[in-house]
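*Asks:* Okay, here's the structure, questions in a sec.
The values are calculated or read from the model by the stated rules, or taken from the named source; none is laboratory data. Since we're looking at a predicted model, the values are computed, not measured. When we count neighbours, we look across all protein chains shown, and the Cβ atoms used for this are built from the backbone with ideal geometry, even at glycine. SASA here: full protein model, heavy atoms, side chains in, ligands and nucleic acids out. Shrake-Rupley method; radii C 1.70, N 1.55, O 1.52, S 1.80 Å.
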Amino acid sequence: MRYEEYTIEGRNAVTEAFRSGKTIDKLYVLDGCHDGAVNTIKSLARKQDTIVNYVTKERLDQMSSTGKHQGVIAKAAAYEYAEVDDILRIAKDKAEAPFLFLLDEIEDPHNLGAIIRTANLCGAHGVIIPKRRAVGLTATVVKASAGAINYTPVAKVTNLTKTIDDLKEKGIWFVCADMDGEVMYRQNLTGPIGMVIGNEGSGVSRLVKEKCDYTASIPMKGDIDSLNASVAAGVLAYEIVRQRLSGK
């Protein structure tokens, strides 16, 4: 199911978006505004567990394309999110060991779109992203995915570490890309696996890394110290593909 609009402005429009069941990734509210209509919107946001950002009028004016935001702007998902169980069901229906991408605070929409595209091409069953401090399924992400979003489900979770714990109970183990890890060619990356890729600048966060079973490094011989997040995802994912095809 596709949501055609992404930016929604104005109190009535935002209220109706929530009430109609649209997935709202983020809500921007004029800081200090507490009148009845805005309080209703904030209450609806809490029920959907939407992130609320309190910002200045200048920030809202910059974000607004209509000039009639009335103190509220919502960012709706360009596509509906899946549930983690939906992703696992796809693997089960294909009689394949689950292969998941988990993205720890990816902020660049072009990176997220490219990673979704890679996930589709390498046969991963889905992508999992956190709700906070990360880009959602924006129109830019949809475009950058080059159509892959139509075939590869994306789930958004409140707590990535808890999700990893839950998935471990289902027999999935986790490898994260990290420069301090063992070279990926020396690791067994077969079986039910979740591949974790970190933030463009800081990499995989400490708490998430501690939950992973292994850390894998990508050999680099150049003069700079890291790969773009979407490129790193592609390199590690295709080592997983190689091992899954060959049995190691």
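*Asks:* Restricting to the stretch 181-238, name every residue that is assigned to a helix (DSSP H, G or I), among the hydroxyl-bearing types (S, T, Y) and buried (at least 19 other Cβ atoms within 10 Å of the Cβ).
*Replies:* Just the residues of the stretch 181-238 that are assigned to a helix (DSSP H, G or I), to begin with: 184-186, 206-211, 229-238.
In the following step, the residues that additionally are among the hydroxyl-bearing types (S, T, Y) were identified as 185, 230, 238.
Passing the criteria: only S230.
*Asks:* Are any residues in the stretch 14-28 part of a helix (DSSP H, G or I) and open to solvent by less than 70 Å² (accessible area, probe 1.4 Å), and if so, which ones? Walk me through how you get there before you give the answer.
*Replies:* Going through the stretch 14-28, the residues part of a helix (DSSP H, G or I) turn out to be 14-19.
Correct list: V14, T15, A17, F18.
*Asks:* Go through (1) within 26 Å of R89 (Cα to Cα); (2) open to solvent by less than 10 Å² (accessible area, probe 1.4 Å); (3) touching a strand residue (DSSP E or B) at 6+ places or on another chain (Cβ under 8 Å); (4) without any contact (Cβ under 8 Å) to a residue 60 or more places away in the chain one by one and return the number of the condition F174 breaks.
*Replies:* Of the numbered conditions (1) within 26 Å of R89 (Cα to Cα); (2) open to solvent by less than 10 Å² (accessible area, probe 1.4 Å); (3) touching a strand residue (DSSP E or B) at 6+ places or on another chain (Cβ under 8 Å); (4) without any contact (Cβ under 8 Å) to a residue 60 or more places away in the chain, the odd one out for F174 is (4).
*Asks:* Still on this structure, I have one more. Give the stretch 29-69 a look and list any residue that's open to solvent by 30 Å² or more (accessible area, probe 1.4 Å), closer than 16 Å to I8 by Cβ and under 25 Å from the mean Cα position of the chain (by Cα), or say none.
*Replies:* L44, Q48, V52, N53, M63
Conditions tested, residue by residue: (1) on the phi > 0 side of the Ramachandran plot; (2) surrounded by 18 or more Cβ atoms within 10 Å (Cβ to Cβ); (3) in contact with a strand residue (DSSP E or B) (Cβ under 7 Å, 6 or more places away or on another chain); (4) not charged (D, E, K, R).
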position: A78; (1), (2), (3), (4): no, yes, no, yes
position: V84; (1), (2), (3), (4): no, yes, yes, yes
position: A97; (1), (2), (3), (4): no, no, no, yes
position: L103; (1), (2), (3), (4): no, yes, yes, yes
position: N111; (1), (2), (3), (4): no, yes, no, yes
position: I115; (1), (2), (3), (4): no, yes, yes, yes
position: H125; (1), (2), (3), (4): no, yes, yes, yes
position: G136; (1), (2), (3), (4): no, yes, yes, yes
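*Asks:* Determine which single condition D49 fails, assuming it passes every other condition in (1) acidic (D, E); (2) closer than 30 Å to K209 by Cβ; (3) in contact with a strand residue (DSSP E or B) (Cβ under 8 Å, 6 or more places away or on another chain).
*Replies:* Here D49 clears every test but (3).
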